[in-house]
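The structure under discussion appears below in the form of structure tokens.
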Amino acid sequence: MGGHVTDLQQATIASGDDDARSGPDVDVVVVGAGIAGLYLLRRLRDLGISARAFETADDVGGTWYWNRYPGARCDVESIDYQYTWDPDLLDEWTWSERYATQPEILRYVEYVADKHDLRRDITFRTRIADARWDDTSSTWTIRTERVDGQVDGPADDGGGAAGTGETIRCRWYVMATGCLSAPKDPDIEGAGVFTGEVYVTGRWPHDGVDFTGKRVAVIGTGSSAIQSIPLIADEADELVVLQRTPNFSIPAHNGPPTADKVARFDGRVDEYREEARWSSAGVPRDMPELGALQVDDAARRARYEQAWEEGTIFSLTGAYNDLFLNPAANETAAEFVRSKIRSIVDDPATAEVLCPTTYPIGTKRLCLDTNYYETFNRSHVSLVDLRSEPIERISETGIDLASGRSLTVDAIVFATGFDAMTGAIVRVDIEGRDGVALADKWADGPQTYLGLMTHGFPNLFMVTGPQSPSVLSNMAVSIEQHVEWITDALVALRDERLDVIEPTELAERAWVRHTNDFADITLFPQANSWYMGANVPGKARVVLPYVGGVDRYRQACVDVVESGYLGFRRANSANGDRAGDVVNDGIIRPLAPDVMVMLDMMAELGLPPLESMTPTDARAFMEASAAMSPPGPEVADISDGTYPGAAGELAYRRYVPHDAAASATDALSPLILYFHGGGWVLGHATSDDAFCRDLANRTGAIVVSVDYRHAPEHRFPAAHDDAWAALEWAVSAAQELGGDPDRLAVAGWSAGANLAGHVCHRARDEGAPHIAAQLLVTPVTDHRMATPSYGENADGYVLTSSLMRWFMDHYVDGARRDDDRLSILHAHDLSGLPPAVVVTAEFDPLRDEGAAYADALRAAGGSATHLRAGGQIHTSLMAVGALATPAEVREAAFVEFGRLVD
Ligand code: NAP
């Protein structure tokens, strides 16, 4: 291999580097000859990039090579789970069932390997002993080990004794090792002492197992167990199933592909596949528009019955759009499946034990079965609930339970799962720059950029790595996307005469955060699942797959490339001093995920911009939108009234917090006078209702939200005059309102924050009243509308710069905009103002003027706490109950403000 010079090496050689001239032995080393490894080999060959693959097994197939247990099938329909890169395969291969069995899928993979002559690039019966990055030559040195013995045994690493291997130097190193390929270590005491037959589902003997006449125990009730139990029960004399946590399973209804599916696919294969690539799970589906709680019980039941009959892992949890977000919605689907279990299983006590109750449905991988629950009606099948009767140890003859019972069996089947997603990667001894071990870097959970690469390990790629959609998607689609992204990246390097690629620390940190934030807005973290690494003792508990969907993820990968490999350092290995490195540092998805989802949904609705409407229509539109928002937290009391504005009566709403001193005793609470947002044009005393409730509860203050006159009917300074009138009234009516006039504070959002800021100036100038503190949430402070944040956030984040101009134009003439009352940042004197809490949002045209105001207050000798809401937009903090990610900064602002007020 050493003398073989490829196009890619040629690019490096042309740069004149001596190290590179000797060249690596091969361009790419691929680990694994499963679905991913095979496509990778084919594509690299087509691109003129040399590659060698190493595989522990003695043939191709990956997961389909190892998982030969009875009943093993793919839980994604065969129409969806097949290669698309060789279109002729569709004519050459006919699947016999809707859900193909493992032997059929393995034959398909073997067929592809033969057809494309891929085995010649694969060294079988070989595992990677270790891999080391050399920063000087920018190559990986890989040492392999021959697996000389049997490779189909139940050992956790593929089995077999190790023999001498070889040492290969390569430029790029790709782990195509699969997400569920490293079986979990048996973590049951005595696992080695049993003298009967022992099987592991993920390492099943090639010749099959005959359980006829035998007493068999199956440990585990995940997908592998659920598929195999009915078939083991067909043969065994006695079968005992040991269940720690029940799983949700729905019937696969296997058979020929359904008419619906065929109609969707046939005759429009290319469109279908493009839909799959841009779908949320890698399978084309009609996305639900409704939430589960938006329909009545009968409609919901009918929808779930339909999903049950449809029989796909996506049908039930995809029935409504909030099943992964809202616990109450999720519970309706969970209870539906529990009712099915109770109707199928004859013995009520057994049925109850089979009913999952400790985690939301879908947050552990949903299973598809054929007669699983029915199997428990067979007289020779029994169930042990390990939650009430744990395993004490495995003995020579069977399994001893803590209850004192001993199960004597001839065979034990471990269906105990995998060290998922990271196991197969970190079990290989991989050392990156400066000798850092990947296992150490990932000790507290994987850190990757896009699930494709990890900082400090240049030129190491992962196919469907952690923090990519992988196991939450149709793997066939995700594998092809990754293989194509990786090989395109190599071609781009070649085209630019580069050969090193590595994510930056910043890009990686942000992606990890994005992945975790996304999971946190869903119910996934609530389950002790292998998605969370919770099935392996000692493994970090962190969400492993990217939950944002195949479509969003693919778009991120596309955007990274189109932005010139954003978040990557790319280099030519000949440049030892790094001077010529191409570094394009940055963050690919800086918006908080729930904000991103909300903006996507708004974009899909194709709403007209507010500034294209009349103020009347814009107000009606805002009212209609507000009606769909969550109501906000409960408070102790709400009352409405009017107060004397500068030119007549105006409305107010008063919120009494849960723990208001006034509600329990005669003691008075702090009083917060609140001014709503809406650009002086929109909104009213109750339009920021949810925020005011939260403000009251978290500060323990009485909050009074006041209306003021709006533009264009009432132009500047009408709103400012009303704000002052409201303050005077609040002081005089404080005790009546249950508030302490000596602990009076003001708060506002956006234009309302501008009013709150203004009344502080005027109170100082007039010597009264005393204002204890001011809370300014994304305030308007600067009339010039010319800060960098105006440019950066001009479009797309709800408050656009054109909408801000529309507000300003309605409220105030150009000539009057530098008035101190409006342009509070440029007021003649900023000293002597109440202590302030200023919140700014990263993606807000008003960000910089808010920050500048906080700075200016401090510069004038005052106190100002500035909280920056990273990843948030102008409206984020108002979305109480609707957006999860702004809650942290909102609470921090309330805590600080509450401290100042009290
Ligand atoms: P799994 O879902 O992790 O299930 C393992 C089972 O073993 C669980 O019931 C677990 O209980 C139990 N278990 C583990 N350690 C135990 C212990 N020490 N004592 C008692 N019980 C123990 O693993 P899997 O069934 O192999 O499936 C893994 C994934 O592979 C699936 O989710 C799926 O993505 C994939 N898969 C797919 C298919 C398919 O395509 N149809 C088939 C098989 C697998 P706890 O839940 O309490 O930990």
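General remarks:
- Extending 7 Å from the Cα toward the beta-carbon at both residue 343 and residue 290 defines two label points whose distance is 1.9 nm.
- Oblate is the label for the range 629-750, because the ratio a/c of its alpha-carbon gyration tensor axes (a ≥ b ≥ c) is 1.5 or higher and a/b is not greater than b/c.
- Computed helical MRE - 222 nm, the chain, DSSP H runs ≥ 4 contributing -39500 (n - 2.57), nearest 500: -10000 deg cm²/dmol
- Added length on full extension, which subtracts the Cα-Cα distance from 0.36 nm per residue, residue 389 to residue 614: 74.1 nm
- Measuring nothing but how far apart in sequence close Cα pairs (under 8 Å, 6+ apart) lie, relative to its length, the chain scores a relative contact order of 10 percent.
- The simple Förster model, with R0 at 25 Å and r as the Cβ-Cβ distance, assigns residue 429 and residue 187 a FRET efficiency of 0.65.
- The residues of the chain present an accessible area of 37 Å² per residue when probed at 1.4 Å with all protein chains retained.
- Links that overshoot a 29 Å alpha carbon limit, given the list 261/364; 214/340; 261/340: 214/340
- Solvent exposure of residue 237, expressed as accessible area, is near 100 Å², computed with a probe of 1.4 Å over the protein chains only.
- Sequence ranges 615-625, 840-850, 281-291, ranked by mean other-Cβ count within 10 angstrom, highest first: 840-850, 281-291, 615-625
- Computed from backbone phi, the HN-Hα couplings of the range 460-475 come to 9, 10, 10, 8, 6, x, x, 6, 10, x, 5, 5, 8, 10, 5, 4 Hz, rounded to whole numbers (Karplus: 6.51 cos²θ - 1.76 cosθ + 1.60, θ = phi - 60°; Gly and Pro given as x).
- The range 603-637 and the range 338-388: distance between their alpha carbon centers, rounded to Å: 45
- For residue 130, residues with placed amide H under 5 Å, excluding near neighbours: 143
- Residues of the range 763-786 falling in the label zone of residue 829, defined by backbone nitrogen less than 18 Å from a point 7 Å along Cα to beta-carbon, are 763-771.
- Tilt relative to the chain, helix 327-344 - C-alpha long axis, 0 to 90 degrees, to 10: 40
- Shape of the range 812-902 from the C-alpha gyration tensor: oblate (a/c of 1.5 or more and a/b not above b/c, with a ≥ b ≥ c the square roots of its eigenvalues).
- Amide H within-cut-off set for residue 139, under 5 Å, with H built and near neighbours excluded: 134
- 5 angstrom amide H check on residue 100, placed H, neighbours 5+ away: 74, 78
- Acute angle (nearest 10 degrees) that the helix 689-699 long axis makes with the longest principal axis of the chain, alpha-carbon atoms: 90
- Averaged over residues, the count of other Cβ atoms within 10 Å places the peptides 397-404, 441-448, 865-872 in the sequence 865-872, 441-448, 397-404, highest first.
- At an R0 of 41 angstrom, the distance between the Cβ atoms of residue 820 and residue 638 translates into a FRET efficiency of 0.70.
- For the range 526-588: rounded, prolate or oblate by the Cα gyration tensor [a/c cutoff 1.5]: oblate
- Value of relative contact order over the range 756-902, rounded to a whole percent, pairs C-alpha under 8 Å and six or more apart: 28
- Apportionment of accessible area to carbon and sulfur, the chain, percent (1.4 Å): 49
- Sites matching GluC sites (Glu not before Pro) across the range 691-782 that sit in DSSP coil, with at most 16 neighbouring C-beta atoms within 10 Å: 713
- Rg over Rh for the range 40-123 works out to 0.98, both radii taken from alpha-carbon positions and Rh defined as the Kirkwood radius.
- For the range 79-94, the Karplus equation 6.51 cos²θ - 1.76 cosθ + 1.60, evaluated at θ = phi - 60°, returns couplings of 4, 8, 9, 7, 5, 10, 6, 10, x, 5, 4, 4, 7, 7, 10, 10 Hz by residue, with Gly and Pro reported as x.
- Net charge of the neighbourhood of residue 393, taken over other residues with C-beta under 10 Å away and scored Lys/Arg +1, Asp/Glu -1, is -3.
- Rounded to 0.05, the FRET efficiency of the residue 130 and residue 86 pair, given R0 = 30 Å and the Cβ-Cβ distance, is 0.30.
The values are calculated or read from the model by the stated rules, or taken from the named source; none is laboratory data. Predicted, not measured: the structure shown is a model, and the values here were computed from it. Cβ coordinates were reconstructed from backbone atoms using ideal geometry, including for glycine residues, and neighbour counts include every protein chain displayed. Note: accessible area is taken over every heavy atom of the protein model, side chains too, but ligands, DNA and RNA are not part of it. Shrake-Rupley method; radii C 1.70, N 1.55, O 1.52, S 1.80 Å.
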